[in-house]
Every structure is written in C-alpha cells, then in structure tokens.
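The values are calculated or read from the model by the stated rules, or taken from the named source; none is laboratory data. Note that this is a predicted model, so its numbers are computed, not measured. We place every Cβ from the backbone using ideal geometry, glycine too, and count neighbours over all the protein chains shown.
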Ligand code: GLP
C-alpha cells in the first residue's frame with residue numbers, strides 16, 4: 001500500500017479527486033467505482049470543479065457504486081443513488097444510463113446482486129475504485145466477521161446504524177439492510193484509492209494498514225491488493 005498523509009480532510013479529498021481526474025484524462029472511457037459518505041465529498045467537488053473548468057469529460061465514463069440501502073426508495077433523501085446525483089452525477093456530463101447503483105426496488109434482490117457483478121464484468125471491470133472506511137473497519141457495507149465474495153444483501157451492524165443515524169431523523173429510521181458489493185468484487189478493481197479522514201477513523205486506519213489481514217477489520221484485505229493508495233488526513237493518521 002502507498003500511504004500519503006495530508007494536513008486536513010479537504011486536502012486529502014482533493015488528492016483523491018486528482019487521482020480520479022488523471023484516470024479520466026488517461027482513459028476517457030474508464031469504469032469508475034464510487035462510494036458514498038461524507039469522506040469523498042471533497043473528491044467529488046474537485047471533479048466537478050475540473051469539469052466546469054473544461055478539464056474533464058465524463059461522456060464516456062461508466063460508474064458503479066459500492067452499495068445502497070434496501071427498503072428505501074431512490075427518491076429518499078438518504079438513498080445513495082440520490083446522493084451520487086446530488087453531489088456528482090447531476091453536475092457533470094455523465095449520461096444517466098452510464099451510472100449504476102444497486103437497485104433496492106428490484107423484484108428480486110438476489111437477482112439484482114448477481115446482475116450487478118455480471119454488469120461490472122461486462123463493462124470490463126472497474127479501473128479505479130474509491131473507498132471510505134467505517135468506524136468498525138467496514139468497506140462498502142461489508143461488516144466485520146467475514147469476507148463475502150460477490151455483491152450480496154447485508155444486515156447492518158449496530159455500530160454502522162449508530163454511525164449513519166446522523167443522516168436520518170433517528171436511529172430507528174436507518175434501514176437495517178443494504179445491498180453491497182462484496183470484498184471480492186472490490187478486490188477485482190484494478191486500482192483502489194482509500195480515503196480516510198477524521199480522528200474517529202484513526203483506529204480503523206491503523207488496523208487496516210498495520211494490523212493483520214483479518215475479517216475483524218474487513219478493510220485489512222486491501223493489504224493483499226497490488227495497487228492501493230491510502231490518502232489520510234493527519235487526524236486519521238494519528239495511530240499509524
Ligand atoms: C457507509 C458506506 C461506506 C462508507 C462509510 C463511511 O457505511 N457504506 O461506503 O465508507 O459509510 O462513511 P463516512 O465517509 O461518512 O464516514
């Protein structure tokens with residue numbers, strides 16, 4: 001893993017955005033893997049700024065998102081589909097049909113999971129994937145305890161429900177289930193950028209980078225990937 005520490009979250013996020021910008025410039029028909037959460041917002045804003053400045057063209061880009069809540073509609077203010085349109089897709093020239101987020105309204109969620117992995121493979125695989133990390137070391141919604149291979153349905157842990165309740169009226173309103181790309185689906189990406197910011201992420205960052213490869217910290221599997229760049233702010237790097 002390559003590890004870079006920046007002074008603050010904004011700067012680390014900009015660096016992540018610039019790595020994605022370079023990918024788009026090098027390969028205008030890239031397949032990009034996107035993540036939700038607060039962490040990647042400065043990266044997405046960097047991409048929007050570069051698009052507005054005429055540096056980037058998204059017309060041939062295809063994207064896959066890591067995960068989506070089950071049980072809420074895509075129009076829900078906290079759906080990850082809506083998050084991506086609000087923060088990136090509606091602000092650049094990506095054709096709406098080129099973006100894919102797991103669909104919680106599919107008639108069969110199991111079939112949606114299988115189709116999702118097949119669609120990534122059919123697109124040629126993900127060239128560059130951005131990841132955030134949960135306080136408990138999860139990536140996407142792969143919670144501690146196992147390394148599931150493909151896209152699957154997950155039960156969120158109490159820790160994740162607690163962490164994500166800030167976006168909902170109360171913890172009771174946080175969906176209990178989600179559809180998530182698996183660890184195998186993520187590890188198949190040719191290149192990964194992991195962005196970690198904030199003091200609350202310092203223990204997870206240390207476990208991921210310096211701990212054993214163990215499903216107790218699902219992100220630790222990234223030690224086995226040949227092309228991972230970890231970008232942290234100084235607060236998240238405090239325990240390295
Ligand atoms: C959610 C998402 C993850 C994300 C994590 C951290 O659980 N499923 O993909 O990495 O939140 O979010 P944040 O960046 O807001 O801390």
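Going by the conditions given, is residue 204 within 10 Å of the ligand (Cβ to nearest atom), at pLDDT below 95 and on the phi < 0 side of the Ramachandran plot?
Values: within 10 Å of the ligand (Cβ to nearest atom): yes; at pLDDT below 95: no; on the phi < 0 side of the Ramachandran plot: yes.
Criteria not met by residue 204.
Quick one: which residue in 56, 32, 41 is farther than 21 Å from residue 182 by Cα and away from the ligand (no atom under 12 Å from the Cβ)?
Working: 32 fails: farther than 21 Å from residue 182 by Cα; 41 fails: away from the ligand (no atom under 12 Å from the Cβ).
Result: 56 is the single residue among 56, 32, 41 that is farther than 21 Å from residue 182 by Cα and away from the ligand (no atom under 12 Å from the Cβ).
Selection within the stretch 121-140: residues that are closer than 23 Å to residue 220 by Cβ and over 12 Å from the mean Cα position of the chain (by Cα). The member of this set that is nearest to the ligand (Cβ to nearest atom) is 135. Here residue 11 meets each of (1) touching a strand residue (DSSP E or B) at 6+ places or on another chain (Cβ under 6 Å); (2) away from the ligand (no atom under 15 Å from the Cβ); (3) within 20 Å of residue 201 (Cα to Cα) with one exception, condition (1).
Filtered by the rule that a residue be touching a strand residue (DSSP E or B) at 6+ places or on another chain (Cβ under 6 Å) and modelled with pLDDT under 95, the stretch 103-139 gives 104, 109.
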